[in-house]
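Report on the following structure.
Coordinate-derived values only; no laboratory data. None of these values were measured; they are calculated from a predicted model. Ideal geometry is used to build each Cβ from the backbone, glycine not excepted, and the neighbour counts take in all protein chains shown.
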Amino acid sequence: MYPINSDRLVRTFVDLASISSPSWKEEGVIAYLTDALGAMGVSCERHPCGDSFNLLASVSGAVKRPSILLSAHMDTVVPCDNVRPVVRGGKIVSDGTTILGADDKAAIAAFLEALASIRERDMKHGPVELLFSCAEEVGLSGIKGFDARVLRSRLGFVFDSSGPVGAIVVAAPYHLSFRLVVKGRAAHAGIEPEKGASAIRALGEIMATIPHGRIDAETTANIGTIAGGRATNIVADEAICALEIRSRSKTKLAAVEARMRAVVDTVAHRHGVKVRVHRSLEYSGFSYRPSDPVVAAARRAIERIGLVPALEASGGGSDTNVLNRAGIPSVALSVGMQKVHTTGECIRIRDLENAARLAMALIDPEQADPAGRSRATTPRNRAASRNRRRR
């Protein structure tokens, strides 16, 4: 139902993959998109963010329906200089010295091909917004710096999940990050160690005691970095670690944080040190039911291109989390990329084609949600949902 030009799609992806675009340095991709979309009569708005820009394109439509949002990110992890894509055996890979950049340039190529094919076939459709974010790979910084109030869309589809096309990420975690700064007391380690209070020893006990790794099916915790001390002959007066807790359950998230803080207080008292805990909510989680409009629209689109939808829960975050927090019901969709963030990254051409067809199917006016509403358990609408249940 949704024919695309496979050769053009592959060329577009290869061109995009060949552009170096580490986080905050996406100017080459921005220029490429501005030219490609401009050639199709689509104008782009640059929204400043940090040292880069988020790019927003709006496509008007002849069919009256609520606007939908298609989103992808422009940056890649390193190494991403001198990427040399190789088409081989129905796949596209790098030459093995760099990442490929299918995360997330496969989605960008799919969007461009979908628009080109729609234009060539004069396919009637409703309004569409295309959001290309910067600096996604560094803490979702680009989308966090974007003012989502400018968006008109009522449903969002973020093409940024690995695996064969057809997967819909309907749940993702809340993410808390922490920085523990332990302040001890310095002393000469050889002459009067008794007068010192080792921040390193206290931090070591904290790290060995707090929850770590897989807590349950929905919850994880991890210590990522540690630092401290000045020399072996000085009892360390400072030690620092960074850690995170993730969970798709706010209750479980709070419980693990409470356990961590209890350990910190107990160890600090026993060792005679002070601990400052710096806490940050990196992003909020979300959870959708199969019947929610945004999930139903994604399922219909996947079925219309001849694939079987698969609903998945994720342990990672994406721009989807931030869009949901902003009040735009959104899900993440798989694009077909494999072995992301490694030099073995690849994508099957068949998945790249299916991603483009899926974008077309979502743009198809028959995919519109008449109400343009969803009942996702996101922070903004959870209270309203509770009120409805009371009534």
Report summary line: Ordered by fewest other Cβ atoms within 10 Å, a rough proxy for footprinting exposure, 125, 188, 47, 73 read 188, 47, 125, 73
**Report entry** Relative contact order (percent, whole number), the chain, Cα cutoff 8 Å, 6+ residue spacing
**Finding:** 23
**Report entry** Top of 107, 227, 135 by mean-square fluctuation, Gaussian network on the chain, Cα under 10 Å
**Finding:** 227
Query raised in the report: Can you run phi through the Karplus equation (6.51, -1.76, 1.60; θ = phi - 60°) for region 52-58 and list ³J(HN,Hα) in whole Hz, with x for Gly and Pro?
Result: 9, 9, 8, 10, 10, 10, 10
Report summary line: Amide H proximity to residue 234 below 5 Å, modelled H, separation 5+ or other chain, gives 189
**Report entry** Gain upon complete extension [residue 232, residue 289; 0.36 nm per residue less C-alpha separation]
**Finding:** 14.9 nm
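Tell me, 123, 260 in order of fewest to most beta-carbon neighbours within 10 Å?
Ordered by Cβ neighbours within 10 Å, fewest first: 123, 260.
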Report task. Report the calculated FRET efficiency for residue 312 and residue 279 (r = Cβ-Cβ distance, R0 = 30 Å), to the nearest 0.05. Result -> 0.55
Query raised in the report: So what J values fall out for region 226-243 if you push phi through Karplus, 6.51 cos²θ - 1.76 cosθ + 1.60 with θ = phi - 60°, rounded to Hz, Gly and Pro as x?
Result: 9, 7, x, x, 10, 6, 6, 9, 10, 5, 5, 9, 8, 8, 9, 9, 10, 9
Report task. Tell me which residues come under 5 Å, amide H to amide H, from residue 67 once H is placed; ignore anything under 5 positions away on its chain. Result -> 154
Report summary line: Expected sort for 322-333, 87-98, 245-256 on mean C-beta neighbours within 10 Å, highest first, is 322-333, 245-256, 87-98
**Report entry** the chain: antiparallel DSSP beta bridges as a percent of all, rounded to 5
**Finding:** 75
Query - Label selected from [x] 64, 46, 40; [y] 83, 60, 36; [z] 78, 63, 43, the criterion being Cα extents along the principal axes in Å as computed here - result: [y]
Requested in this report: List, in order, the whole-Hz ³J(HN,Hα) value for each residue of region 173-180 obtained from phi through the Karplus relation with A = 6.51, B = -1.76, C = 1.60 and θ = phi - 60°; use x for Gly and Pro.
Outcome: x, 6, 9, 9, 10, 9, 10, 9
Query raised in the report: Per q in 0.15, 0.18, 0.20, 0.21 1/Å, what log10 I(q)/I(0) does a Debye calculation on the alpha-carbon atoms of region 174-283 return?
Result: -0.62, -0.82, -0.95, -1.02
Query raised in the report: So how tilted is helix 199-209 from the main axis of the chain? Cα-based, degrees 0 to 90, rounded to 10.
Result: 60
Query - Fluctuation leader among 233, 321, 82 - the chain, Gaussian network, Cα springs under 10 angstrom - result: 233
Report summary line: Rounded to the nearest 10 degrees, the helix 27-39 long axis (Cα) sits at an angle to the longest Cα principal axis of the chain of 20
Report task. Any chance you could count the Lys pairs in the chain whose alpha carbons are under 24 Å apart, treating pairs 8 or more apart or on different chains as valid? Result -> 12
Query raised in the report: Can you give the angle from 0 to 90° between the axis of helix 250-271 and the longest principal axis of the chain, with both taken from C-alpha atoms, to the nearest 10?
Result: 20
Report summary line: In deg cm²/dmol, rounded to the nearest 500, the helical mean residue ellipticity at 222 nm of the chain, built from -39500 (n - 2.57) for every DSSP H run of length 4 or more, is -10000 deg cm²/dmol
